[in-house]
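Below is one structure; the comments refer to it alone.
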Amino acid sequence: MRALRRRVTREGMVRESVLTIAVAAIASMVPVTAQRALDRAQATFGDGTVVSLEVADTEAKRTQGLMFRESLAEQAGMIFVFERAGFYPFWMQNCRIALDIVWLDEAFTIVSIADSVPPCRVRGCEPPCASNACPTYAPDAGANARYVIELAAGFASRHGVRKGQRIDVALPGRAH
């Protein structure tokens, strides 16, 4: 009887441990899912195309950008959010795909566009590449941007995106 009781207790403990681990795993997934939703913005362009944007609003996220991506869907991209408007050149180090880069002012009006910016190819240095030999791509002279959106190469051309247009951008936690 005593051995049976001990086995039942061990089985109960195992069951309780498994249940605790399962509940903890599910609980830990909820904030991650919620956080991913919070890290998404949405941009609606003049032709009605809606693009889901990853938000790069910290120095670390802005530095990482779209590095090492093998592809980018037509209706996906990244928005870089800066603390204040300024002149923000971009470079394509460790970027494997060509991109359109769209600079926006504080009202989400396009102040500059770089079409189909090629990935950086440094001879003998495949991503990850520590070389600083990649060129930078700057907005037009005098363009003051608060936001920058990176999109699949050719997006701007395919969707009639032009300097001076306003994009409807919904950033998480901010009214638009």
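The values are calculated or read from the model by the stated rules, or taken from the named source; none is laboratory data. None of the values given here were measured: they were computed from a predicted structure. With ideal geometry, Cβ positions are generated from the backbone for all residues, glycine too; neighbour counts draw on all protein chains shown.
Taking the criterion of being surrounded by fewer than 18 Cβ atoms within 10 Å (Cβ to Cβ) and either among the aliphatic types (A, V, I, L, M) or outside the structural domain of GLY77 (by TED's automatic domain parsing) (or both), the residues of region 88-141 that qualify are ILE97, ALA98, ALA107, VAL122, ALA130, ALA133, ALA138, ALA141. Out of the residues in region 50-94 that are free of Cβ contacts under 8 Å to residues at least 60 places away in the same chain, in a loop (DSSP other than H, G, I, E, B) and in contact with a Cys (Cβ under 9 Å, 6 or more places away or on another chain), state the one that is nearest to SER157 (Cα to Cα). For region 50-94, the residue satisfying everything is MET92. Residues that are free of Cβ contacts under 8 Å to residues at least 24 places away in the same chain and in a loop (DSSP other than H, G, I, E, B): does region 109-123 have at least one? For region 109-123, residues free of Cβ contacts under 8 Å to residues at least 24 places away in the same chain and in a loop (DSSP other than H, G, I, E, B): present. Here SER157 passes the criteria (1) part of a loop (DSSP other than H, G, I, E, B); (2) touching a strand residue (DSSP E or B) at 6+ places or on another chain (Cβ under 8 Å) except the one numbered (1).
Is at least one residue of region 142-156 touching a Leu at 6+ places or on another chain (Cβ under 8 Å), at pLDDT below 85, under 18 Å from ALA56 (Cα atoms) and not acidic (Asp, Glu)?
To start, the set of residues in region 142-156 that are touching a Leu at 6+ places or on another chain (Cβ under 8 Å) comprises 145-153.
Keeping just the survivors that are at pLDDT below 85 gives none.
No: zero hits.
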